[in-house]
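The values are calculated or read from the model by the stated rules, or taken from the named source; none is laboratory data. As the structure is a prediction and not an experimental result, all values here were calculated from the model. FYI the Cβ positions are ideal-geometry reconstructions off the backbone, even for glycines, and counts take in every protein chain you see.
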Amino acid sequence: MATSTNQAAWLHKINTPLQVGVAPLPTAGSGELVVKNAAIAINPLDCHMQDSGVFVQQWPAIFGCDVAGEVYEVGADVQRFKKGDRIIGHAVNLVSGRPQDGAFALYTVVLAGKAAILPSAISFTDGAVVPFALEAAVCVLSLKAPGVAMAGVPTPALGLPYPSLLRPTPSLGKMLVVYGGSSSVGSMTTQLAAATGIHVISIAGAHNFDFSKHCGATQVFDHKDPSVVEKVIEAIRESGRHEFVGIFDAIATPETYEHDLTILAKLGGGHLASVHPPPANVPDNVKAGMIFAVNDIATPVWRDYVTPALETGKLQCLPPPTIVGKGLEHIQDAMKKSKAGVSATKLVVEL
Ligand SMILES: NC(=O)c1ccc[n+]([C@@H]2O[C@H](COP(=O)([O-])OP(=O)(O)OC[C@H]3O[C@@H](n4cnc5c(N)ncnc54)[C@H](OP(=O)(O)O)[C@@H]3O)[C@@H](O)[C@H]2O)c1
């Protein structure tokens, strides 16, 4: 039988194009899977890593977070998966620094605790949009105590329950604003929050109102509307029966932070969870933190929620993928497209 060979899109130096070349075929350690990738997705983080070398611990580097494919090898102490299973998984080169943990390869090591069976009705291309955003969304919603996102910056700790498989979802009587409801992380947080019974008010582009509602937002406001802040405050006040928890800011620019703090000031404070470091010196009644989207808090969601929720449609593979091409050589082009900006889609390369 012919032995499999691996290839990867390597980063050899900061701010240079990825180069496709031979890579060692990984093996699965304890608690790990080797995945034969069928599709990988691009995240803005990948562009930061390429441009600045941030988080790169070993050169040359293979990075990338989202994989969908078949289990090629199962490590010791893994009970939930067998060779040949169709799965999606969150690859964690971001924290391990090991090239074999990067998604931009034909074969990638994924922790079994960050993987789930992909139902047969869902394509690998669709499934690849889920993993990193899913773990980010759990980190937004469910951490109970502030941890460390980076030096001097705590994680948020909204302490909300995990999403429920019940349909309809029982209401939790709470309300969350998702700023950037059409982004990958914002739309996934909207889906999970809605599946937790939280009333979501989303801020997105006017052309993405239907998309954000489809993800579970009950009301959506246009981020380009000069009155967006007043409209969001009014909507929260009108919905008096829901306790206002705070804001998840998936955009994190000076403008969105200013809006966040105005909303929070008018409503007596609350959580400000963000994808980047929040402003320093927020008022005492604002609990601000930045997510770091690799966290074992997501393990029960991976284990108990993802597959049945995908099967019933409670969890959907959104935003929908845009296929950039087939083959590792298309990843560089996909990174370029990601940098140019996307709207309510996730860039995917098929392999
Ligand atoms: N800290 C962490 O662990 C972590 C994890 C994951 C991601 N991130 C960061 O989170 C950010 C989002 O990542 P992503 O993959 O979700 O992004 P994305 O899908 O590429 O974001 C694109 C979306 O941003 C929306 N947008 C742009 N400006 C906006 C504004 N002013 N108000 C509202 N929406 C706006 C666009 O909305 P419209 O098209 O509707 O206008 C578009 O749909 C990135 O900066 C990423 O680096 C951090």
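Points worth noting:
- The lone exception for Asp66 - which of (1) over 24 Å from Ala344 (Cβ atoms); (2) modelled with pLDDT of 95 or more it fails: (1)
- Checking the range 174-182 against the condition returns no match, with no residue being more than 11 Å from the ligand (Cβ to nearest atom), surrounded by fewer than 24 Cβ atoms within 10 Å (Cβ to Cβ) and part of a loop (DSSP other than H, G, I, E, B).
- Counted residues, the range 277-305 - those being crowded, with 22+ Cβ neighbours inside 10 Å and not hydrophobic (A, V, I, L, M, F, W, C): 3
- Residues (assigned to a loop (DSSP other than H, G, I, E, B) and within 12 Å of the ligand (Cβ to nearest atom)) located in the range 218-232: His223, Lys224, Asp225
- Search result, residues across the range 106-144 that are among the small types (Gly, Ala, Ser) and farther than 12 Å from Ile291 by Cα: Ala112, Gly113, Ala115, Ala116, Ser120, Ala121, Ser123, Gly127, Ala128
- One residue alone among Asp77, Asp101 is more than 15 Å from the ligand (Cβ to nearest atom), out of contact with any Gly (no Cβ under 9 Å at 6 or more places or on another chain), more than 24 Å from Pro279 (Cα to Cα) and not hydrophobic (A, V, I, L, M, F, W, C), and that residue is Asp101.
- Qualifying residue in the range 185-193 (condition: surrounded by fewer than 20 Cβ atoms within 10 Å (Cβ to Cβ) and either more than 8 Å from the ligand (Cβ to nearest atom) or farther than 19 Å from Leu315 by Cα (or both)): no
- Looking only at the range 277-303, residues that are part of a strand (DSSP E or B) and in contact (Cβ under 8 Å) with a residue 60 or more places away in the chain come to 4 in all.
- Residue that is of a type in the set (A, V, I, L, M, F, W, C) and not assigned by TED's automatic domain parsing to the domain that holds Thr169, where the choices are Val286, Val282, Val306, Val275: Val306
- Some residue of the range 157-171 being touching a Cys at 6+ places or on another chain (Cβ under 9 Å) and closer than 20 Å to Ala250 by Cβ: no
- Test for Val306: is it out of contact with any Pro (no Cβ under 8 Å at 6 or more places or on another chain), assigned to a helix (DSSP H, G or I) and within 25 Å of Pro119 (Cβ to Cβ): yes
- Restricting Pro156, Pro163 to residues that are buried (at least 24 other Cβ atoms within 10 Å of the Cβ), in contact with a Phe, Trp or Tyr (Cβ under 6 Å, 6 or more places away or on another chain) and either part of a loop (DSSP other than H, G, I, E, B) or assigned by TED's automatic domain parsing to the domain that holds Thr256 (or both) narrows the list to Pro163.
- Scanning the range 197-217 for residues that are surrounded by fewer than 24 Cβ atoms within 10 Å (Cβ to Cβ), away from the ligand (no atom under 11 Å from the Cβ) and in a loop (DSSP other than H, G, I, E, B) returns a single hit, Gly197.
- Residue check for Val34: assigned by TED's automatic domain parsing to the domain that holds Asp333 and within 20 Å of the chain's Cα centre (by Cα): no
- Selected residue [in contact (Cβ under 8 Å) with a residue 12 or more places away in the chain, in contact with a strand residue (DSSP E or B) (Cβ under 6 Å, 6 or more places away or on another chain) and of a type in the set (Gly, Ala, Ser)] from Ser171, Ser184, Ser142: Ser184
- Leu158 being within 11 Å of the ligand (Cβ to nearest atom), under 19 Å from Ala217 (Cβ atoms) and in contact with a His (Cβ under 8 Å, 6 or more places away or on another chain): no
- Qualifying residues in the range 248-276 (those that are in a loop (DSSP other than H, G, I, E, B) and of a type outside the set (Gly, Ala, Ser)) - the one surrounded by the fewest Cβ atoms within 10 Å (Cβ to Cβ): Thr253
- Residue count for the range 240-276 satisfying the condition of being away from the ligand (no atom under 16 Å from the Cβ), touching a residue at least 40 places away in the same chain (Cβ under 8 Å) and more than 23 Å from Asp225 (Cα to Cα): 4.
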